[in-house]
Structures are given as C-alpha cells and as structure tokens.
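What follows is a single structure, written as structure tokens, with notes after it.
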Amino acid sequence: FWKNNVVYFERNEHFMFPVTIKYVNYQVVSTNMMLEALYSGDVHFVEPACKQENIDSINAKRGDGFASVALQTNGYGYIGINAEKVPNIAVRRAIMHAINTQYAVEYYTGYSEPIHRPMTRASWAYPKYTDEAGQFYSFDATGKTSEDLVKSAGYKLNADGIYAKGNEVLKYTFTIAGDTTDHPAYQSLRAAADILNEHGFDITVKTDINALKKLNSGDLTVWAAAWGSGVDPDMYQTYHIDSTAGSTANWGYPAIKTNAGDKYSYELGLVKSLSEKIDLARETLNTSIRTELYAECLDLVMELAVELPTYQRSDLYAYNTNIIDVNSMTPASELTSFNGPLSRLWEVSLNETK
C-alpha cells in the first residue's frame, strides 16, 4: 500500500525463489536530498546523480559504513523537438546546430561521455565509430549555420527582427523538466537560446514541473529528457509509424502521418523508410544483420531532426553497509548495465541490528 510518499511492499511467499527480506519500503526522495536521507538513516539504498561531488561525499563516509558503485546507464539523455510545433525540418536542424551537447556531458564530469545516435551505448547494437565521425549535427557557436539554414528555407526577418515565413514565426520555448535549472541539459539549452536569439530567433528557456506529463500528450516544443532502454534494441515502440507510444506524439508523428497539404512529405518518407527497416530487424535474430539495420535506422532518426542525443552517463548506487549485507548483493564481477546491485532482490539480506 501507499502512504505519505512511501510504498510498502511485503514479500510474496509463493515466489519461485526463497525471499530473504520480508518488508521493503520504497520512499520517494528528491534527487538533491538522497544522500542526506541515506546518511540520516531514513533510507538505506539510493540512486543519486552520478556526479563527482556525490561520489566524493560517499567516499568521505566510507568509515561510517556507506559505499557506492557506478555502472553505465542503460539509457541516454537527449533533447527533443516536436515536428508538429516546429514543422520545418531546416528550422529543427538549425536548432540542433546551435546546441553544444558537451555541456550536458560535463554535468557528470568523469562519469559521462558524448553520444551521437539515439540508442544507449550499453547496447550491443550501438554503432561503432569514433566520436568525431559520429557527429550528425556539428555545433556551430557562431550561429551562422543555423541562420543560413532558416534563410535558405525562405524565412525573412519581420518588423521585430525575428525570422518568419507566412504565419510561422521562429518563437519557441525550450523546456527543462522539473522546478530547478540544476539539470544536465540546462546549460546546453541556455547557451543555444543565446546563440539563436542573436540570429533571428525568439527563444525562452524555462523549467516546468509538469513537463513529463505534457510529454505524454506531445504538448512540448523543445525539451530535455532521458530514456531508459530495454535489453533488446528493438526500435518499434519509439519510432515506428504504427506505434501508439507517447514518444511518437512527441516527435510529431500525428502531424507527419496526416501530412496535410504535403507539409511533411519529406518527413513522411523518412518515417516510412525507418519503419520498414525496423520491421526487417524484427524478422531476424542475427545480431550482425540487426546491427547493420539499426545503424541505418538511427541515421534516419537523426535525418528527421526530432531527437538530438546529448550524453551517455553512469548510474550511481549508494547504500548503507551497516544495514544491507553487501555479500548478498550482486557480486562485483556480475554487475552490468542490465544487472544492478539489487537485481536479485530476493537474495538480499540485512545485517543483524545491534
């Protein structure tokens, strides 16, 4: 049951394996308060942001019985652009060329790396290439690339000094989920707004505590978020033309599929080609063939200019060794992105209280 921000679990006596711990409480704690809650004894296991300052803090507490482990995240960060809200592909590409994703990488100093395709690096299907060769939309701090793109697409400066074409004015909101700017993508979006605003855009960056809810209905224009990935790299749910997942609304698929007035003819062609390749990849278990097909799929997603990957980070797990028997957790030799410290929770036991 749930009460006062805590979900109370009791072991299933009919589970296929013996379960050691009878009760587990899952407590909601804000990210910036997790370590304080851990040190105070309010909780015994947390997943704080994998930042050097948090790791240093935990290391300083090792003598008090606190420990941690970092593992590559089975997921990645990205910045999304809704094609329904930003219908011209040249404009979406202009926005992407103004985004310096390195700021997001540096947020997790030492525990994050660049990522250039919308798939976690933890997957066997992630394309193998150097970071330089992998860049699809190179960052241009001068803003010239961005401005040239919108000018070539027929946009002209209006009386307010903002590029416009017909009723479409390049005035957009960049959204950070939550109520704080302490976010890995904030600096990337803030700096991009500054660049674009100097080159005929009108960009506002704001936080929104309801952003994730709005994503479910495709209400955001440009936003920063992160994905969690499955074990299999199948791209159907997130990108297929027949998928009904919320992500397709985020990309603007409803507008692309309707294609009123041939407004999205090019995008529709990309989505159809992408979907055909996703179907082909689902017809085989041959990883070599699937890897090749997914590499082509990922390039098509980038060509569509609706999702810009920003960083591949690590997950940090911190725990109280006075309470949790570390010898009952997943052995260090078996820890992976898909097999965390509590993946076999039924085997975990607690130390006897003194």
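The values are calculated or read from the model by the stated rules, or taken from the named source; none is laboratory data. Owing to the predicted nature of the structure, the values given are computational and were not obtained by experimental measurement. Glycine also receives a Cβ, built like all others from the backbone with ideal geometry; neighbour counts cover every protein chain displayed. Each accessible area value is taken on the protein alone, full model and side chains, heavy atoms only, with ligands, DNA and RNA left out. Shrake-Rupley method; radii C 1.70, N 1.55, O 1.52, S 1.80 Å.
From the residues in region 196-211 that are of a type outside the set (Phe, Trp, Tyr) and open to solvent by less than 20 Å² (accessible area, probe 1.4 Å), which one is farthest from Thr175 (Cα to Cα)?
Gly200
Can you name every residue in region 39-77 that is farther than 16 Å from Val105 by Cα and charged (D, E, K, R)?
Selection gives Asp42, Glu47, Asp56, Lys61, Arg62, Asp64.
List pairs: first residue in region 1-27 and at positive phi, second residue among the β-branched types (Val, Ile, Thr) and modelled with pLDDT of 95 or more anywhere in the structure, Cβ distance under 7 angstrom, at least six positions apart or on different chains.
none
What are the residues in region 304-327 that are without any contact (Cβ under 8 Å) to a residue 40 or more places away in the chain and open to solvent by less than 60 Å² (accessible area, probe 1.4 Å), if any?
Across region 304-327, the qualifying residue is only Asp325.
It is to be established whether one or more residues within region 168-182 are surrounded by 15 or more Cβ atoms within 10 Å (Cβ to Cβ) and part of a helix (DSSP H, G or I).
no
Residue pairs, Cβ under 7 Å, 6 or more apart or interchain, first in region 172-187 and of a type in the set (Val, Ile, Thr), second assigned to a loop (DSSP other than H, G, I, E, B). List them.
Thr173/Thr221; Thr175/Leu220; Ile176/His183; Ile176/Ala185
For region 134-161, enumerate the residues that are surrounded by 16 or more Cβ atoms within 10 Å (Cβ to Cβ), more than 30 Å from the chain's Cα centre (by Cα) and touching a residue at least 24 places away in the same chain (Cβ under 8 Å).
Residue satisfying the conditions is Tyr155 alone.
On the basis of being open to solvent by 70 Å² or more (accessible area, probe 1.4 Å), at pLDDT 95 or above and farther than 30 Å from Pro233 by Cα, does Asn5 make the cut?
Against the criterion (open to solvent by 70 Å² or more (accessible area, probe 1.4 Å), at pLDDT 95 or above and farther than 30 Å from Pro233 by Cα), Asn5 does not qualify.
Can you tell me how many residues in region 247-271 are open to solvent by 30 Å² or more (accessible area, probe 1.4 Å), in a helix (DSSP H, G or I) and of a type in the set (D, E, K, R)?
The number of residues fulfilling the criteria is 2.
Of the numbered conditions (1) open to solvent by 20 Å² or more (accessible area, probe 1.4 Å); (2) farther than 30 Å from Tyr294 by Cα; (3) at pLDDT 95 or above; (4) of a type in the set (Val, Ile, Thr), Val29 fails exactly one; give the number of that condition.
(3)
Please pick out the residue among Leu149, Leu170, Leu189 that is at negative phi and touching a Gly at 6+ places or on another chain (Cβ under 7 Å).
Answer to the selection: Leu170.
Need pairs with beta-carbon distance below 7 Å; first residue closer than 13 Å to Ala295 by Cβ and within region 269-280, second surrounded by fewer than 19 Cβ atoms within 10 Å (Cβ to Cβ) and among the aromatic types (Phe, Trp, Tyr); sequence gap 6+ or separate chains.
Between residues of region 269-280 that are closer than 13 Å to Ala295 by Cβ and residues that are surrounded by fewer than 19 Cβ atoms within 10 Å (Cβ to Cβ) and among the aromatic types (Phe, Trp, Tyr), the close pairs are Ile278/Tyr236.
Does any residue of region 61-76 turn out to be among the aliphatic types (A, V, I, L, M), assigned to a helix (DSSP H, G or I) and open to solvent by less than 30 Å² (accessible area, probe 1.4 Å)?
no
Yes/no per residue for (1) at pLDDT 95 or above; (2) under 19 Å from Asp299 (Cα atoms); (3) open to solvent by less than 40 Å² (accessible area, probe 1.4 Å):
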site: Lys213; (1), (2), (3): no, no, no
site: Thr221; (1), (2), (3): yes, no, yes
site: Ala245; (1), (2), (3): no, no, yes
site: Arg282; (1), (2), (3): yes, yes, no
